[in-house]
Amino acid sequence: MTAERLDGKRIASEIREEIASEVAKHLALGHSQPCLAAILVGEDPASQVYVRNKERACEKAGIAGRTFRLPATTTQSQLLTKIEELNQDCSVHGILVQLPLPKSGNDGKGFDEREVLDAVAPLKDVDAFSPVNVGLLMQGRHRFLPCTPHGIVQLLHRYQISTSGKQVVVVGRSDIVGKPMAMMLAQRDGSCGSEVANATVTLAHSRTEDLAKICRTADILIAAVGVPEMIRGEMIREGAVVIDVGINRVGDRLVGDVHFEEAMQTASAITPVPGGVGPLTIAMLLHNTLLAAKLQATNNL
Ligand code: GUN
């Protein structure tokens, strides 16, 4: 068997076109231009690339992108002040603080990341990291959905891959991907209806015993561990759908958390790295920014 490649890049560009036309409609109703403010602290090269990509994507969708580049010497209190200023600025609809924050920041003490993320106003929290938005998601009445898991739901939906009644194994329990992904797929009603929801979900992690055996139970296997090519061919059930969230640099190559060539022989479908899940994250960030602008425009506070 040779697996089908799930083209996240194509789906992301489809979603971005839909958002651009929604933004045009929003403006035609007389509302102000949706605006995303990104805060980048320090000089991490990967973060600089992400933020630049976000700026470009905003521009193409008709969303204003403002980036605040703060030096690595910024203190916790200066960063909190900046966030509060953006919380109060009604021309800004979405706020994101690019992670990771530099370890050398806050006078060498490092930032209290939890306090920083908690400071973003929940109605502007387009990353969906605030406890309010995480809580709403847990209760099945989400406002913003975290961008990467939401992108995966969109990908499955648009390829008509149902998770309803299926065994899903999520490997990795991060707050950004693994945990919300597991929750979203276990729910009765997902953002794309009941077909990309209602799964029987196993959330596996670094302490999971016999990970290979657990992975082989998966109809849909989602790898989000950040370990290059950790998921080998023999861990994949024949005909499974494999979603690879990893983006790992190994020498001059970008590889996923899944051994792609081996998985191609066993899976029925797989997301490549790059060009799979990655482009969907930014598309869903634009979606959340537009949603934030709509909520604020209609005073749905
Ligand atoms: N760094 C890596 N992924 C993300 C993300 O989704 N949001 C933010 N703010 N920073 C990140």
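Every number here is computed from the coordinates shown, using simple stated rules; none is lab data. Since the structure is predicted, the reported quantities are computational estimates derived from the model, not experimental observations. Here Cβ is always computed from backbone atoms with ideal geometry, including for glycine, and neighbour counts include all displayed protein chains.
Using a 10 Å cut-off on Cβ atoms, rank the peptides 199-209, 230-240 from the highest mean neighbour count down.
Values: 199-209: 15.6, 230-240: 18.5.
Going by the mean number of other Cβ atoms within 10 Å, highest first, we get 230-240, 199-209.
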Quick calc, Glu238 & Thr75: beta-carbon distance into FRET formula, R0 45 Å, rounding 0.05, result 0.25
Among the lysines, which fall within straight-line cross-link reach of Lys54, defined as a Cα-Cα distance under 19 Å, with same-chain neighbours fewer than 8 residues apart omitted? Lys9, Lys124
For the chain, set up a GNM with springs between Cα atoms under 10 Å and report which of Val116, Val196, Val153 has the largest fluctuation. Val116
Environment charge of Ser77, counting only residues whose C-beta is closer than 14 Å and scoring Lys/Arg +1, Asp/Glu -1: -3
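Would you mind ranking Leu285, Leu40 so that the residue whose beta carbon has the fewest other beta carbons within 10 Å leads the list? Show your work: numbers first, answer last.
Numbers: Leu285 27, Leu40 20.
Ranked by crowding around the Cβ, least crowded first: Leu40, Leu285.
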note: the chain, Cα-Cα separations exceeding 28 Å make up a percent value of 39 percent
Whole-Hz ³J(HN,Hα) for each residue in the range 92-101, computed from phi via Karplus 6.51 cos²θ - 1.76 cosθ + 1.60 with θ = phi - 60°, x for glycine and proline: what do you get? 9, 9, x, 10, 9, 9, 5, 9, x, 7
Out of Gln139, Gly108, Val120 - ranked by how far each Cα lies towards the positive end of the dipole of the range 98-147, with unit charges on the beta-carbon of charged residues - the top one is Gln139
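Sort Val23, Val242, Val120 by Cβ crowding within 10 Å, fewest neighbours at the top. Could you put the intermediate results ahead of the total?
On the way: Val23 21, Val242 29, Val120 25.
Ascending Cβ contact count within 10 Å gives the list Val23, Val120, Val242.
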With a 10 Å cut-off between alpha carbons and a GNM built on the chain, which of Ala128, Ala28, Ala64 moves the most? Ala28
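I'd like the antiparallel share, as a percent to the nearest 5, of DSSP beta bridges with both residues in the chain.
Numbers: 4 of 34 bridges.
DSSP beta bridges in the chain are roughly 10 percent antiparallel.
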The local net charge around Ala197, scoring Lys/Arg +1 and Asp/Glu -1 for residues other than Ala197 whose Cβ lies under 12 Å from its Cβ, equals 0
Sort Val134, Val258, Val250, Val177 by Cβ crowding within 10 Å, fewest neighbours at the top. Val250, Val134, Val177, Val258
For the chain: relative contact order, % (alpha-carbon pairs under 8 angstrom, 6 or more apart): 22 percent
For every helix of n ≥ 4 consecutive DSSP H residues, a contribution of -39,500 (n - 2.57) applies; sum these over the chain, divide by its total residues, and give [θ] at 222 nm rounded to the nearest 500 deg cm²/dmol. -12000 deg cm²/dmol
Among Gly178, Ser47, Ala57, the residue whose Cα sits farthest towards the positive end of the charge dipole of the chain (+1 at Cβ of Lys and Arg, -1 at Cβ of Asp and Glu, taken about the Cα centre) is Ala57
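Only Lys, Arg, Asp and Glu count, each charged at its Cβ (+1, +1, -1, -1), so figure out the dipole size of the chain about its Cα centre, rounded to 20 debye. Provide the component values of the computation, followed by the final result.
On the way: 31 positive and 34 negative charges, 66 e Å.
Roughly 320 debye, rounded to the nearest 20.
With only Lys, Arg, Asp and Glu charged, each at its Cβ (+1 for the first two, -1 for the last two), find how big the charge dipole of the range 191-272 is about the Cα centre; round to the nearest 20 debye. It would help to have the intermediate numbers written out before the result.
Details: 7 positive and 12 negative charges, 33 e Å.
Taking the Cα centre of the range 191-272 as origin, the dipole is about 160 debye.
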